[in-house]
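One structure is given below, encoded as structure tokens.
Bear in mind these aren't lab numbers, they're just calculated from the coordinates by the rules spelled out. As the structure is a computational prediction, the values presented were derived from the model and not from experiment. Backbone-built Cβ (ideal geometry, glycine too); neighbour counts: all protein chains shown.
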């Protein structure tokens, strides 16, 4: 996003921007940055911004807002959010709006912030032709780690790379969640360094992260640790734990098989519709299992599920046996 950042820093704005993508934190962040830069120093900032939201927004609304001259300022900002104009279902309105792009006034900056974008539509092609289109995908793990370290450094805190990885796992690689966890850690941690103990004390650990830790312990053959991790899942129903275990074993088996076929992590993520961090975790865990063992563990999960549902075995006992004898 260097090109976009250059626009903001130089204040040499395009007439049109389209922001979308799975990482909503970045979408929101750059919308705020563009807004702040466009309206920076404007005496009547509120009078030089129009916000249009929802699927009722049409070409006339955008035309009127865009054609209005700025009031005692050099630029006017128009933000259109979640209009659905870049997705299927609003074909005529979408094409009418696309016709407006070429004739946008030089004094107007028009930003579309959308949930869904169909690249095949004429309006997307016109946006590429006349403006700047940014698809904010989730950054890679290394990029997220570097971001965490930079943000914490700004707050006067340091952190080990492996502990930063723990924050990512607990926050499920969502930048909104990671940002929230960092705020809590900065407020909680004493001194200038954030420790693993701080993270364990403050960060909320989702079920998937706890399942990852349980499987990591099983892969390492550390069954006492695995039992401790299992005890940490007492707030989750045993049948849910079994389902999550079976799902993770399937993901490990699938990703391992893809890797053996020569597929790179990015290709695996696209082919399986998994998040990149899920693929990297599964590939790491796949090194500790043979495919036959994974298949056997999936079968044991099904057997444990059946034994609990039919009353043949107490739920927690079935779980413990699944971990110890899997």
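Using a Gaussian network for the chain with springs between C-alpha atoms less than 10 Å apart, which of these wobbles most: 242, 194, 308?
In the Gaussian network model the winner is 308.
Relative contact order for the range 51-172: what is it in percent, counting Cα pairs under 8 Å that are at least 6 residues apart?
Computed value for the range 51-172: 22 percent relative contact order.
How far is it, in nm, from the label point at residue 313 to the one at residue 33 when both lie 7 Å from their Cα along the line to the Cβ?
For the pair residue 313/residue 33, the computed spacing is 5.3 nm.
Using just the helices of the chain, give the 222 nm mean residue ellipticity in deg cm²/dmol: DSSP H runs with n ≥ 4 each add -39,500 (n - 2.57), and the total is spread over all residues, rounded to 500.
-18000 deg cm²/dmol
Quick check: Cα centre of the range 181-227 to Cα centre of the range 260-324, how many Å?
So the separation of the two Cα centres works out to 21 Å.
With an 8 Å cut-off on Cα pairs and a minimum separation of 6 or more residues, tell me the relative contact order of the range 138-235 in percent.
23 percent
At what distance in nm do the modelled label points of residue 146 and residue 134 sit from each other, each positioned 7 Å from its Cα along Cα→Cβ?
1.7 nm
How would 169, 76, 55 line up from fewest to most surrounding beta-carbon atoms within 10 angstrom?
With the sparsest Cβ surroundings first, the list reads 55, 169, 76.
Can you pull a Stokes-Einstein diffusion coefficient for the chain at 25 °C (0.890 mPa s), Rh from Kirkwood over Cα pairs, as a whole number of µm²/s?
106 µm²/s
If each of residue 193 and residue 43 carries a label point 7 Å out from its Cα toward its Cβ, how far apart are those two points in nm?
Spacing of the two 7 Å Cα→Cβ label points: 5.4 nm.
Based on the Kirkwood radius over alpha-carbon pairs, what is the Stokes-Einstein translational diffusion coefficient of the range 13-99 at 25 °C with 0.890 mPa s viscosity, in µm²/s?
175 µm²/s
Calculated FRET efficiency, residue 60 and residue 162, Cβ-Cβ r, R0 45 Å, to nearest 0.05?
0.20
Please compute the length gained on full extension between residue 302 and residue 3, using 0.36 nm multiplied by the number of residues separating them and subtracting their Cα-Cα distance.
Roughly 102.5 nm would be gained on extension.
D for the range 45-196, whole µm²/s, Stokes-Einstein with Kirkwood Rh over alpha-carbon pairs at 4 °C and 1.567 mPa s: what number?
My calculation gives 71 µm²/s for D.
Report the FRET efficiency, 1/(1 + (r/R0)^6), for residue 68 and residue 290, where r is their Cβ-Cβ distance and R0 is 56 Å, rounded to 0.05.
Rounded to the nearest 0.05, the efficiency is 0.25.
Once the convex hull of the C-alpha atoms of the range 141-202 is built, how many Å³ does it hold per residue, rounded to a whole number?
Residue-normalised Cα hull volume stands at 66 Å³.
Springs between alpha-carbon pairs under 10 angstrom, Gaussian network model over the chain: which of 98, 259, 292 fluctuates most?
Comparing 98, 259, 292 in the GNM, the peak value goes to 292.
Which whole-number percentage describes the relative contact order of the chain, with Cα contacts under 8 Å and a sequence gap of 6 or more?
Relative contact order for the chain comes out at 14 percent.
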